[in-house]
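The values are calculated or read from the model by the stated rules, or taken from the named source; none is laboratory data. What you are looking at is a predicted structure, and each value in this text was computed from that prediction instead of being measured. Counting neighbours? That spans all protein chains shown, and the Cβs are built from the backbone with ideal geometry, glycine included.
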Amino acid sequence: MKIKELFITFIIFFTAYSIVIAQEPPKLLQSLTLEQCIDFALKNNIQVKQSELNTELSQINLTQSEVNILPSLNGNASHSYNTGNTVDRFTNQFHSETVLSQNFSLSSDVTIFNGLQTINTIKQNNYNLKASRLDVDKMKNDISLSIANAYLQILFNYEIVDNARNQIGLTLAQVERTKKLLDVGSAAKGTLLDIQAQLASEELNLTNAQNQLDLSFLSLSQLMNLPSADGLSIAKPELTVGTDLLLESSVIQIYNTALSNLPEIKSAEFKVKSANKAIDVAFGGLSPRLTFNAAYGTGYSGASQQILNQPAFQGYAPNGDTTSAGDLVLSPHFSNPTYEKKTYANQYKDNVNKSFGFYLSVPIFNRFQTRTTIGRAKIQKLNAELTVESTKLQIRKNIQQAYADASGALKKYSSTQKALDAMLESFKYTEQKFNVGMVNTNDYNTAKNKLIKTQSDLLQAKYEYFFKTKVLDFYQGKPFKF
């Protein structure tokens, strides 16, 4: 009995554990590179998926406009009962009984000429589709830039955390040393308190740095559309700032390359072409419209009859009238004819009707609706042209700003590196003097805080340089990687 209970308990536990594991979101089991983060985000980002759906809608619109050239074909069928005094549509006779009617028809029409509206609509939708695809590419580029920024922010915060831990390590060593000096009477208690206060401040800095690191992971996970940042880890490439020139290309060269590479410019240009075709479509509304229609139909009526036998001549008989002489008027007399209902097959054959014809519609006056449509299309074209110029202007500004920021960050990094080298030597000298009691705690903490600030400035310049250079690489069509 105990074995059975143990077995049941194991089954329940295993089932519950499986349910919990199944409900947990998938975790990333490896450190992701920048390229992997970008690929993951592009596959899972909702905005990208929405842009791709818009592209599918544009494809559907194009397909529909293309098949509008084809003739239409429609079939119609009816089955009805008419009661009361009705006229049979095939015999044109009145009937008072309930009459069954059936009708079947096929109809087709095709537009022969409509001012080239169909052709121009196809071209317009084709441009819209191309613009929509490029909008997806722009969305992916924007997300890639955001991912690169978030990735670099994590690397920056990692180094801030490492520096904070290193500073705490140095201060802990000073605390332990000062405690020993205090025990032997070689240091004042105030000196220990000052060092411990510095340690507390540096521990707070580490906590703040760790919080910023956690927030940067959260930002990256949100861009990647992950349920949380738990389990997210990134690779840490070695980023070194070289002594080479900033860039081999000038701002103008980068801008000219961007004009031929960036999807938002090409998309805006396609939208101008689409607006041009929209004007042509609107002008087509002023043109006459020629269509061809054809129809084929048949039907059945329950009241339709046919004569079974022809009436026979049976002689002359008086009809009740008299002549002026008083003689009776004789009229020919025939036997009554016999009727029967027409069969389905006969009616469907006899009731066939066909029609076809050309129809011309000439617009004369439609309350200026077509003129208004043309005016709107022209304004939309002008707006599309301004969008192209605005996009180019914004890209030029972004390139100029990124180039200036990267150049400034490189100069700041170079000068800060020199300052840090000098600050390290100065701090070592101050630390040595502090160890032998030649400087007080305030001077030691001041020198150390200056060193921490210089290290922070160097990191900021370093990562600002890397991000801005990635922005410039992006405008040149280069892949995102470190």
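Against the test of being under 30 Å from the mean Cα position of the chain (by Cα), closer than 25 Å to residue 33 by Cβ and without any contact (Cβ under 8 Å) to a residue 60 or more places away in the chain, the options 468, 478, 397 yield a single qualifying residue, 478.
Looking at 478, 397, 428, 453, which one is over 19 Å from residue 165 (Cα atoms) and modelled with pLDDT of 85 or more? Lay out the reasoning, then the answer.
Numbers: 478 fails: modelled with pLDDT of 85 or more; 428 fails: over 19 Å from residue 165 (Cα atoms); 453 fails: over 19 Å from residue 165 (Cα atoms).
Being over 19 Å from residue 165 (Cα atoms) and modelled with pLDDT of 85 or more holds for just one of 478, 397, 428, 453, which is 397.
The combined condition, being farther than 21 Å from residue 254 by Cβ and either part of a helix (DSSP H, G or I) or in contact (Cβ under 8 Å) with a residue 60 or more places away in the chain (or both), is fulfilled by residue 433.
A search for C-beta distances below 8 Å between a residue of the range 64-83 that is closer than 15 Å to residue 112 by Cα and any residue that is assigned to a strand (DSSP E or B) and of a type in the set (D, E, K, R), counting only pairs 6+ apart in sequence or on different chains, returns 71/109; 72/109.
Among the listed residues 215, 206, which satisfies the condition of being in contact with a Lys or Arg (Cβ under 7 Å, 6 or more places away or on another chain) and either of a type in the set (A, V, I, L, M, F, W, C) or farther than 27 Å from residue 167 by Cα (or both)? Even if it seems obvious, please write down each step before you answer.
Working: 215 fails: in contact with a Lys or Arg (Cβ under 7 Å, 6 or more places away or on another chain).
None of the others qualify; the one that does is 206.
Picking from residues in the range 163-198 that are farther than 28 Å from residue 209 by Cα and of a type in the set (A, V, I, L, M), the one that is surrounded by the fewest Cβ atoms within 10 Å (Cβ to Cβ) is 184. For the range 375-383, the count of residues that are closer than 30 Å to residue 71 by Cβ, assigned to a helix (DSSP H, G or I) and under 54 Å from the mean Cα position of the chain (by Cα) is at least one. Screening 268, 282, 278, 294 for residues that are surrounded by 15 or more Cβ atoms within 10 Å (Cβ to Cβ), touching a residue at least 24 places away in the same chain (Cβ under 8 Å) and farther than 30 Å from residue 371 by Cβ leaves exactly one candidate, 294. Scanning the range 98-124 for residues that are outside any helix (DSSP H, G or I), among the hydroxyl-bearing types (Ser, Thr, Tyr) and either in contact with a helix residue (DSSP H, G or I) (Cβ under 9 Å, 6 or more places away or on another chain) or within 24 Å of residue 59 (Cα to Cα) (or both) yields a single hit, 111. Return yes when residue 100 is under 30 Å from residue 341 (Cβ atoms), touching a Gly at 6+ places or on another chain (Cβ under 6 Å), at pLDDT below 85 and not small (Gly, Ala, Ser) and no when it is not. The answer is yes for residue 100.
Here residue 302 meets the list (1) surrounded by 15 or more Cβ atoms within 10 Å (Cβ to Cβ); (2) modelled with pLDDT under 70 almost entirely, failing just condition (2). Looking only at the range 343-373, residues that are assigned to a loop (DSSP other than H, G, I, E, B) and within 30 Å of residue 276 (Cβ to Cβ) come to 7 in all. Restricted to the range 424-465, and to residues that are over 44 Å from the mean Cα position of the chain (by Cα) and of a type in the set (Asp, Glu), which residue is surrounded by the most Cβ atoms within 10 Å (Cβ to Cβ)? Among those that are over 44 Å from the mean Cα position of the chain (by Cα) and of a type in the set (Asp, Glu), it is 431.
Output yes when any residue across the range 201-210 is surrounded by 21 or more Cβ atoms within 10 Å (Cβ to Cβ), part of a helix (DSSP H, G or I), small (Gly, Ala, Ser) and touching a residue at least 40 places away in the same chain (Cβ under 8 Å), and no when none is.
Of all residues in the range 201-210, those surrounded by 21 or more Cβ atoms within 10 Å (Cβ to Cβ) come to 202.
Right, trim to part of a helix (DSSP H, G or I) and you get 202.
Now restrict to residues that are small (Gly, Ala, Ser): none.
No.
Out of 127, 158, one residue alone is out of contact with any His (no Cβ under 9 Å at 6 or more places or on another chain), crowded, with 19+ Cβ neighbours inside 10 Å, in contact (Cβ under 8 Å) with a residue 60 or more places away in the chain and among the aromatic types (Phe, Trp, Tyr). It is 127. Between a first residue in the range 216-230 that is under 13 Å from residue 153 (Cβ atoms) and in contact (Cβ under 8 Å) with a residue 40 or more places away in the chain and a second residue that is of a type in the set (S, T, N, Q) and crowded, with 20+ Cβ neighbours inside 10 Å, which pairs have beta carbons less than 6 Å apart while being 6 or more apart in sequence or on different chains? Sorted first by the residue in the range 216-230, then by its partner, the pairs are 216/157.
For the range 234-279, filtering for residues that are over 26 Å from residue 394 (Cβ atoms) and at pLDDT below 95 leaves 12.
Looking at this structure, is residue 107 at pLDDT 90 or above, polar (S, T, N, Q) and either over 18 Å from the mean Cα position of the chain (by Cα) or surrounded by fewer than 19 Cβ atoms within 10 Å (Cβ to Cβ) (or both)? Please lay out each step first, then the result.
Details: at pLDDT 90 or above: yes; polar (S, T, N, Q): yes; either over 18 Å from the mean Cα position of the chain (by Cα) or surrounded by fewer than 19 Cβ atoms within 10 Å (Cβ to Cβ) (or both): yes.
Judged against the criteria, residue 107 is a match.
Take residue 171 and tell me if it is in a helix (DSSP H, G or I), more than 54 Å from the chain's Cα centre (by Cα) and β-branched (Val, Ile, Thr). The answer is no for residue 171.
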